[in-house]
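The values are calculated or read from the model by the stated rules, or taken from the named source; none is laboratory data. Please read these numbers as outputs of a predicted model, since none were measured by experiment. When we count neighbours, we look across all protein chains shown, and the Cβ atoms used for this are built from the backbone with ideal geometry, even at glycine. To get the accessible areas, we keep the full protein, side chains included, count just its heavy atoms, and leave off ligands, DNA and RNA. Shrake-Rupley method; radii C 1.70, N 1.55, O 1.52, S 1.80 Å.
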Amino acid sequence: MSRLIVVSNRLPAPPATGPHLVGRETTVGGLAAAILGALQGRAGSLWVGWNGRTAASGRAAGTLLHHRREGVDLASFPLTSAELDGYYHGFCNQTLWPVLHCFQGRVRTRLRDEAAYDAVQGRFADLLMPMLRRDDLVWVHDYHLIPLGRELRRRGWRGRIGFFLHTPFPPLELWEVLPRPRGMLEALFEYDVVGFHVQGFLDNYVYCTRRLLGADWDGRRLAQAGRAQIASVYPVGIDPDAWRPHAGHGPAAGDGGEDAAARVGEASVANLKVLRGLQDRRMILGVDRLDYTKGIPQRLQAVERFFRRRPEWRRRAVYVQVASPSRVQIPEYAEQRRRIEATLGRVNGELSEPDWTPIRYLYRAYDRPLLARLYREADVGLVTPLRDGMNLVAKEYVAAQDPADPGVLILSHTAGAAQQLKDAVLVNAFVPADVAEGIAFALEMPLAERQRRHGRLLATVVDSTAEVWADRFVNDLERAVAASPYQVAGPEFVPPSTQI
Ligand code: ADP
Ligand code: F6P
């Protein structure tokens, strides 16, 4: 069996030490959760990427740190502060991120950021090449590393390479906002397999590739100038067992052990007591990275509208927003935080009563055991991103419910997850009135209807796990022909250059 070498910008952080940690809290995110879930059952795999730290020196930046996390082997390295600035904060998160999520007005382009992005691809490739063995499968993740495949090819790698995009892929009009839209597509075309969460993103990619590169599409493969690539939909999932009620929520052996478990236990009890200041109030819960794509201000407006239009629910329900710090050095994120805090301050100021505060706000990242309990306690999971590749919080919320008395998931159409979780209460995140109605509908839903919807949602979550996602992608990657990077195996396929 081939080894699987997974490469992503973000890795789960090694144990926190030293002053150079960018922020342990910034390691939360769907990508790390999905890959960790997918690799746990796969022997002989290796996950390579940035460890969330900044290097004290150029030499330190080139030093690989090997460690193990929840049964997965990791090889990580720090970025220099110049790389962090130009590559991660700059091109990745101020150029690519808003383009991919269709936030055109937030796009910033700077030549030096582009240069830093290109240079980091080379550095990832240089670190990877000595680790690779001939039969390895290389699986590259997300927008941070689009040109990495091309850099590996330039260094002589002839083996199979796949790429999965964890964000949306935008329509052509948005893609063309990028500084080098054609060049970025050519870089994507270097991969043997390219994967997306949902059909709409694949459609956009195929359309862009046909228009900008003149590629041919047969419904499964793109072909152009002697190269061929499988392009398909692989919806990412979670490990539902890890979130189920009564799952053993202690950390895995070797990860810091019983102390950590005890701390988590104490924190859980303390925090749940605070939340149970709710008494027997109903809890509506939002859990997000603090990112403008998540639509938190719009959601707070919806919550405000709900309490204003449905005063009978005042004192009987509370909205709890857990927001984990993310990309805190980027001005748009700091501005988003100010906007959220100003909105909830105003709403609480205007609507609170001596014995009731409509919105609770927790600006922090939580460990899984506490998060699982929060999900389970919540009568409504309010997941309303303005745009999202998938959104794993929605799936985690479903998995964590008690099937006998489940909460209700409210989900925006603009989350990739809405393509799968059709039994959620589907709303338009851009229209607070619609979300407010969804909240009332969810809180008033009879038990039998909650059970019916939850049963179907859970079946989807259980059928479409992180493991299934990885298996499907890797199976397709295995079908690519190692010796000839631009040809795809399969009796029915003939590369265009040999058709003459
Ligand atoms: P994204 O990848 O954009 O961050 P997802 O919803 O797909 O969005 O994934 C978010 C992941 O981060 C989930 O696994 C969720 O459990 C985790 N997460 C989000 N907010 C928090 C938080 N406040 N504390 C801990 N984990 C969080
Ligand atoms: O899912 C999109 C994504 O950008 C992932 O690649 C990433 O792990 C997550 O969001 C969190 O973002 P960051 O790695 O910038 O903290």
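Please name which of ILE410, VAL398, PRO385 has its Cα lying farthest along the dipole of region 374-415 towards the positive end, using unit charges on Cβ (Lys, Arg +1; Asp, Glu -1) and the Cα centre as origin.
Farthest along the dipole direction, towards plus: PRO385.
Explain nothing, just the number: dipole magnitude of region 366-488 about its Cα centre with +1 on each Lys and Arg Cβ and -1 on each Asp and Glu Cβ, in debye rounded to the nearest 20.
160
Send over a whole-number figure in Å² for the accessible area per residue of the chain, probe 1.4 Å.
Result: 39 Å² per residue.
Please label the shape of the chain as rounded, prolate or oblate, based on the square roots a ≥ b ≥ c of the eigenvalues of the alpha-carbon gyration tensor (a/c under 1.5 means rounded; beyond that, a/b larger than b/c means prolate, else oblate).
It is prolate, given that a/c is not under 1.5 and a/b is the larger ratio.
Within the chain, what is the longest stretch that has no chymotrypsin sites (Phe, Trp or Tyr not before Pro) placed in a DSSP loop and near at most 16 other beta-carbon atoms within 10 Å? Let's see the in-between values first.
On the way: sites that count: PHE430, PHE493.
By the stated rule (loop sites, at most 16 other Cβ atoms within 10 Å), 1-429.
Tilt of helix 447-463 relative to the longest C-alpha principal axis of the chain, in degrees (0 to 90, nearest 10)?
Relative to the chain, helix 447-463 is tipped by roughly 20 degrees.
Would you tally the net charge around LYS395, using a Cβ to Cβ cut-off of less than 15 Å, leaving LYS395 out, and scoring K and R as +1, D and E as -1? Present the calculation step by step, with values, prior to reporting the outcome.
Values: positive: ARG244, ARG368, ARG376, LYS422, ARG453, ARG456; negative: ASP239, ASP241, ASP288, ASP388, GLU396, ASP423, ASP463, GLU467.
Once positives and negatives cancel, what remains is -2.
To the nearest 10 square angstrom, what accessible area does SER57 show with a 1.4 Å probe?
50
At a 1.4 Å probe radius, carbon and sulfur cover how many percent of the accessible area of the chain?
Ligands and nucleic acids excluded, carbon and sulfur give 50 percent.
Length gain on complete extension for the stretch ASP367 to LYS422, per 0.36 nm per residue less the alpha carbon to alpha carbon distance?
That pair, ASP367 and LYS422, stretches by 17.0 nm at full extension.
Kindly identify region 381-444 as rounded, prolate or oblate by the Cα gyration tensor criterion: order the square roots of the eigenvalues as a ≥ b ≥ c, call it rounded if a/c is under 1.5, otherwise compare a/b with b/c, prolate if a/b is larger, else oblate.
Oblate, because a/c is 1.5 or more while a/b does not exceed b/c.
Select from region 83-147 those trypsin sites (Lys or Arg not before Pro) which occupy a DSSP coil region and have at most 11 other Cβ atoms within 10 Å, ordered by residue number.
ARG133, ARG134
Rounded, prolate or oblate, given the Cα gyration tensor of region 112-201, with a/c below 1.5 counting as rounded?
oblate
With charges only on Cβ, +1 for K and R and -1 for D and E, what is the dipole size of the chain about its Cα centre, in debye, rounded to 20?
580
Expressed in nm to one decimal, what extension gain is obtained for the pair ALA119 and ALA334 from 0.36 nm per residue of sequence separation less their Cα-Cα distance?
Using 0.36 nm per residue and subtracting the Cα-Cα distance, I get 74.7 nm.
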